[in-house]
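Enquirer: This is the structure I want to talk about, given as structure tokens.
The values are calculated or read from the model by the stated rules, or taken from the named source; none is laboratory data. Owing to the predicted nature of the structure, the values given are computational and were not obtained by experimental measurement. Don't worry about glycine lacking a Cβ; one is built from the backbone with ideal geometry, like all the others, and counts go over all protein chains shown. Heads up: the accessible areas ignore ligands, DNA and RNA and are worked out on the full protein's heavy atoms, side chains in. Shrake-Rupley method; radii C 1.70, N 1.55, O 1.52, S 1.80 Å.
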Amino acid sequence: MTEKSGRKIRKEWLWVILPCLSILVLQTAEYALYRYHLELRSTVQMIKGVYLWTIAPLLIVFGFYRLHSGTDSICLSRLLTGILIILIFGVSYARAGLYLFSGEYQEEEWTEEKVLMCTVYNTSRQKAYEPVGLLFRTPFRGWSKEKLEERLKECYGSGAKLLEEQEDGRWLCTAESGRTGIAPFYFVIENDYWLTGNFPVQLMKCDASVFWRTRGRAASLIDLGAPPSLELSGETDVNGIAHAFDERFLLSVQCVFEEDIPACAADLTDWIFYLKEDPRNWARELDFYDDPLARIYVHFGEEAFYIELPELADWTSTLSWADMKETLEEAIRSKHELAKPQTSSASEEQTEFSEEAWAASFMENYDGENFEQECLVGDGVIRYRMVCIDAALGSRAYSLLKSTDGGASWQVQERDPFGEQWGMGIEFTFLTEDYGFASLMHNGGDEADLYVTEDGGHTYHPCVFQGLSADLEDGYYYQPYDYPQMPYEEDGHLYVLCGQGADGDYSGGDAAGLALYESTDRGYTFLYQEIKRPE
């Protein structure tokens, strides 16, 4: 080999060595930039990718081609070179797709605050950056205190305030509850572009502590990973600073039995419409895993399950109260089928016999005069009576009697028509022989529960009312119209008037007006219409 040919070979090797060195230098430099929290801008990143995966490999192949172009195996060399070029273009084309989907390339968009919002190609994952010159960007380093407070008010209302910075860099904040007479609540945020924090959780807790404490239903806020739960009662300070750092709480409500499902669904519907009153609840998309409004944890006896509400924000604008209640009721029923005890035919016969024996014994001793309420159907040939069969601490258990001969004789229609529910007093009516209503009074006449029957009083089902609630100046939230009268039919429609009971003094009490409700499902659900003023 002559000196001239040796220089030529060394020169041809540069076509191979220099692209390899450039790849090594570029990757090493990018790794060093990462250590200083610097990244290449997206356009520069794409140019680098094209060079690394297309231009540099072609230069290397071209160098090998020049090295072998003068050898005896020139045909083989050219064939291999052609195959390599085809493979490189194929790999480069495939890599272009992988490169876009791998997250290295991010689409850049300027925000109003001159921040680079970078979105990973073909996904919704975003990162916020600050530009560094024309070639680089660095992760967003946070707002100044003045700008942070301004952004806080934009996101969470004019009543939101910064309190103090924590050791981990988060900020303790406070915001107005949006409810009359309720103290502000506390929450924490990260000083990032989105003010990431637990505001949605804290707002939900504040609302839940007001709404559920007077609903007569066991409700709590639970963290599945860290019990115990926070009970929603008047004594639990869920808005206090001690709970400001709670990260994940779900609402948990208690359904008692199968007949309670409609009432449970009605309470949840009232809860959703209550949340609707504060627009801050819908100022975000609901995420199933991270948002406290996306799921409700329902306890049913010893079982528990989720009711998923991914379209909650849309529901409040598209579904009526009755439609939403029906949707939630179907969801609860589909999640849980109440296990009914299996009894043998012998035990069923024994139960039937004992009921007959009880009825015979009762009528043997019944004097025909003792009853609490009587109802005549039509011309009075069919009559019903409610009689007290047991009493304790002011409450009474009732049985239903029936007469088909105008009261000349009586028989037991149903021993326990209300399913072991007692009351301090009773009113009832029958619109037909089989179809009627009854109300059980509670708490000395402060409130009452309305029931409907379609089988002549053998079974009474609780009626469900759309919530009509009031906020008092001291933050107390309750339903004042909780004493239903007997329903009545008018022009083919079914109505009921509700008063406030013995303790009613809201807005002038019953003398100032009664709440009028209408039912379109034969009395199982009543929807609020208006306050009926005295004429």
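Enquirer: Go through (1) over 30 Å from S144 (Cα atoms); (2) open to solvent by 20 Å² or more (accessible area, probe 1.4 Å); (3) of a type outside the set (K, R) for D290 and report which single condition fails.
Expert: Among (1) over 30 Å from S144 (Cα atoms); (2) open to solvent by 20 Å² or more (accessible area, probe 1.4 Å); (3) of a type outside the set (K, R), D290 violates only (1).
Enquirer: Here is a further query. Within the set of pairs 6+ apart or on separate chains, which have a first residue in the stretch 363-385 that is closer than 15 Å to S409 by Cβ and among the hydrophobic types (A, V, I, L, M, F, W, C), a second that is open to solvent by less than 50 Å² (accessible area, probe 1.4 Å) and in a loop (DSSP other than H, G, I, E, B), and C-beta atoms under 8 Å apart?
Expert: Final answer for the pair search is M363/W410; V381/G406.
Enquirer: Take the stretch 385-424 and flag every residue that is within 44 Å of the chain's Cα centre (by Cα) and among the aromatic types (F, W, Y).
Expert: Answer for the stretch 385-424, where residues must be within 44 Å of the chain's Cα centre (by Cα) and among the aromatic types (F, W, Y): Y398, F418, W422.
Enquirer: Of all residues in the stretch 400-433, which are within 26 Å of D446 (Cβ to Cβ) and in contact with a Cys (Cβ under 8 Å, 6 or more places away or on another chain)?
Expert: F428, T429
Enquirer: Evaluate the following for Q202: is it polar (S, T, N, Q) and over 30 Å from P480 (Cα atoms)?
Expert: Criteria not met by Q202.
Enquirer: Looking only at the stretch 291-311, which residues are of a type in the set (D, E, K, R) and in contact (Cβ under 8 Å) with a residue 40 or more places away in the chain?
Expert: If the condition is that a residue be of a type in the set (D, E, K, R) and in contact (Cβ under 8 Å) with a residue 40 or more places away in the chain, then D291, R295 are the ones that fit.
Enquirer: Are there any strands (runs of 3 or more DSSP E) wholly within the stretch 430-535 with 2 or more residues that are aliphatic (A, V, I, L, M) and either without any contact (Cβ under 8 Å) to a residue 40 or more places away in the chain or closer than 25 Å to W212 by Cα (or both), and if so which?
Expert: 436-442, 447-453, 493-499, 514-519, 525-532
Enquirer: Here's something else I'd like to know. Kindly provide the set of residues from the stretch 363-418 that are more than 21 Å from L431 (Cα to Cα), in a strand (DSSP E or B) and in contact with a strand residue (DSSP E or B) (Cβ under 7 Å, 6 or more places away or on another chain), ordered by number.
Expert: C388, I389, D390, S395, R396, A397
Enquirer: Do we have L440 as open to solvent by 60 Å² or more (accessible area, probe 1.4 Å) and aliphatic (A, V, I, L, M) here?
Expert: no
Enquirer: Residue check, C498 against (1) modelled with pLDDT under 95; (2) under 28 Å from I182 (Cβ atoms); (3) surrounded by 13 or more Cβ atoms within 10 Å (Cβ to Cβ), all met but one. Which one?
Expert: Here C498 clears every test but (1).
Enquirer: Further question: Identify, from the list E329, E308, E303, the residue that is buried (at least 19 other Cβ atoms within 10 Å of the Cβ) and of a type in the set (D, E).
Expert: The conditions single out E329.
Enquirer: Being free of Cβ contacts under 8 Å to residues at least 24 places away in the same chain, of a type in the set (D, E, K, R) and not in a loop (DSSP other than H, G, I, E, B) narrows it down to one of D314, D287, D270, so name that one.
Expert: D314
Enquirer: Given the structure, is T269 modelled with pLDDT under 85, within 28 Å of Y524 (Cβ to Cβ) and more than 9 Å from the chain's Cα centre (by Cα)?
Expert: no
One line per residue, one yes/no per condition, for (1) within 30 Å of R125 (Cα to Cα); (2) part of a loop (DSSP other than H, G, I, E, B); (3) touching a residue at least 60 places away in the same chain (Cβ under 8 Å):
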| position | (1), (2), (3) |
| --- | --- |
| L162 | yes, no, no |
| D168 | yes, yes, no |
| L172 | yes, no, yes |
| S177 | no, yes, yes |
| T180 | no, yes, yes |
| V188 | yes, no, no |
| N191 | yes, yes, no |
| Q202 | yes, no, no |
| F211 | no, no, yes |
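Enquirer: A further question on this structure: With the requirement that a residue be out of contact with any Gly (no Cβ under 9 Å at 6 or more places or on another chain) and closer than 18 Å to Q529 by Cα, what does the stretch 463-485 give you?
Expert: Residues satisfying the conditions are V464, F465, Q466, G467, L468, S469, A470.
Enquirer: Collect the residues in the stretch 194-210 that are of a type outside the set (A, V, I, L, M) and either touching a Lys or Arg at 6+ places or on another chain (Cβ under 9 Å) or surrounded by fewer than 18 Cβ atoms within 10 Å (Cβ to Cβ) (or both), keeping them in residue-number order.
Expert: W194, T196, G197, N198, F199, P200, C206, D207
Enquirer: Consider the stretch 425-437. How many of its residues are farther than 20 Å from G368 by Cα, open to solvent by less than 70 Å² (accessible area, probe 1.4 Å) and of a type outside the set (G, A, S)?
Expert: 5
Quick grid of which residues meet (1) open to solvent by less than 70 Å² (accessible area, probe 1.4 Å); (2) in a loop (DSSP other than H, G, I, E, B); (3) at pLDDT 90 or above; (4) of a type outside the set (A, V, I, L, M, F, W, C):
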residue: E107; (1), (2), (3), (4): no, no, no, yes
residue: E112; (1), (2), (3), (4): no, yes, no, yes
residue: N122; (1), (2), (3), (4): no, yes, no, yes
residue: K127; (1), (2), (3), (4): no, no, no, yes
residue: E130; (1), (2), (3), (4): yes, no, yes, yes
residue: T138; (1), (2), (3), (4): yes, no, yes, yes
residue: W143; (1), (2), (3), (4): yes, yes, yes, no
residue: K147; (1), (2), (3), (4): yes, no, yes, yes
residue: L152; (1), (2), (3), (4): yes, no, yes, no
